[in-house]
1. For each of 83, 23, 60, count neighbouring Cβ atoms within 10 Å of the residue's Cβ, then give the residues from fewest to most.
2. Pull out a ≥ b ≥ c, the square roots of the eigenvalues of the alpha-carbon gyration tensor of the range 17-114, then state rounded if a/c is under 1.5, prolate if not and a/b is larger than b/c, and oblate in the remaining case.
3. Given points 7 Å out from each Cα along the Cα-Cβ axis, report the residue 108 to residue 58 separation in nanometres with one decimal.
């Protein structure tokens, strides 16, 4: 059997950098039915999507933490903010993207070629990623 990978074995220096986040909305910490409903309301999602997310939460809660892969036993899901809506509006042109977002791309080492795919990537996917504060 192969040896487990431990999170502390990974050099996370570039990923653990925190930038100031300018946001229009920030969910409460944790992953509860109330937080899911709050996020669904904020995103103006249809009821079926909210129901799907709530059912998924129940499945998640019924599962054991996997014993394979990295050790995540110290993960504190109650201290994670799962959704932030950024202050920046959606842009389809890289030149119109706010400087702070461009700087984040640079600090993560994202290649110029990928930056040029900006219209294809859709800013919404990047701006609405779950954020850990």
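1. The most exposed by this proxy come first: 60, 23, 83.
2. Numbers: a/c = 2.24, a/b = 1.42, b/c = 1.58.
Oblate shape, in that a/c is at least 1.5 and b/c is the bigger or equal ratio.
3. Distance between the two pseudo-spin positions: 3.4 nm.
A short reminder: the numbers here are calculations on the coordinates, not readings from a lab. Because the structure is a prediction, the values reported are computed rather than measured. So basically every Cβ, Gly included, is an ideal-geometry build from the backbone, and we count neighbours across all protein chains shown.
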